[in-house]
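Every number here is computed from the coordinates shown, using simple stated rules; none is lab data. Computed from a predicted model, the values in this text were never measured in an experiment. No Cβ is skipped: glycine too gets one built from the backbone with ideal geometry, and neighbour counts run over all protein chains shown.
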Amino acid sequence: MAGDRKPRAPREESPFDERVVSIDRVARVVKGGRRFRFRALVVVGDKKGSVGVGTAKGADVTAAVSKATDVAKKQMIKVHNNNGTIPHEQESKVAGAKILLMPASAGTGLISGGVTRIVLEVAGYSDVLSKSLGSNNKINIAYATVEALREMKPRDQWHTTAMRTGKEKAAKASVKAKAGK
């Protein structure tokens, strides 16, 4: 009888790092009592600059986790990685959760805790400082961290006076010349 079994198909490896951050039992009150469900918070990333956060509910834990993973994959964003750190300081707020991310020099590591650390790890960062202010709600902190990463601008998109192009300098010089006449 042992020869009658079908060989299992090998499970294909996902290119994403999927981390379950929290699982909560939630309830709604109905006439007969309480109906329990599970809510999962999942962070998905490829450690190469893509990250997404998803939350979903299901009748059991596995259903909630798989739904949340699908939501996270659909909401993935590309982030800017500057040699393992972020390009500049960024602050973001979602509901009551406020997050502050700061670039760190090489070798510093991820000085971050909880949900923020997980989001930064799966995004592929290795040297970032962070501070979580306000609420300690895991879902809001996760979304605030992703929002802060979304708002980042790479170095070549910064608007500074020191990085003017030749055309801008020429235009400014011609305006000064016309004003002097």
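With Cβ to Cβ distances under 12 Å as the rule, what net charge do the other residues near Asn83 carry (K, R +1; D, E -1)?
On the way: positive: Arg155; negative: Asp127.
Computed value for this residue: 0.
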Next item on the list: Using θ = phi - 60° and the Karplus relation 6.51 cos²θ - 1.76 cosθ + 1.60, list the HN-Hα couplings for the stretch 46-55 in order, rounded to whole Hz, with x at every Gly or Pro.
Entry: 10, 6, 10, x, 10, 8, x, 10, x, 9
Item checked: Where Cα atoms sit under 21 Å apart: lysine pairs in the stretch 57-158 separated by 8 or more or lying on different chains -> 16
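Of the peptides 52-60, 24-32, 88-96, how do they stack up when ordered by the mean number of other Cβ atoms within 10 Å, highest first? Please report the intermediate quantities before stating the final value.
Working: 52-60: 18.1, 24-32: 8.8, 88-96: 16.0.
The densest-packed peptide leads the list: 52-60, 88-96, 24-32.
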Item checked: Table column - 3J(HN,Hα) (Hz), the stretch 27-33, Karplus curve with 6.51, -1.76, 1.60, x for Gly and Pro -> 9, 10, 8, 10, 4, x, x
Next item on the list: Determine the distance separating the Cα centre of the stretch 59-136 from the Cα centre of the stretch 15-53; give it in Å without decimals.
Entry: 16 Å
Note to self: What are the ³J(HN,Hα) couplings of the stretch 130-141, residue after residue, when phi is run through the Karplus curve with 6.51, -1.76, 1.60 and θ = phi - 60°? Round to Hz, x for glycine and proline.
What the structure shows: 9, 9, 9, 10, x, 5, 10, 5, 4, 5, 5, 5
Next item on the list: Taking H placed 1.01 Å from N in the peptide plane, check which residues at least 5 places from Val21 or on another chain put their amide H under 5 Å from its amide H.
Entry: Leu41, Val42, Val43
Next item on the list: Would you please give the residues with an amide H less than 5 Å from that of Ala56, counting only those at least 5 places away or on a separate chain, with H modeled from the backbone geometry?
Entry: Ala40, Ala68
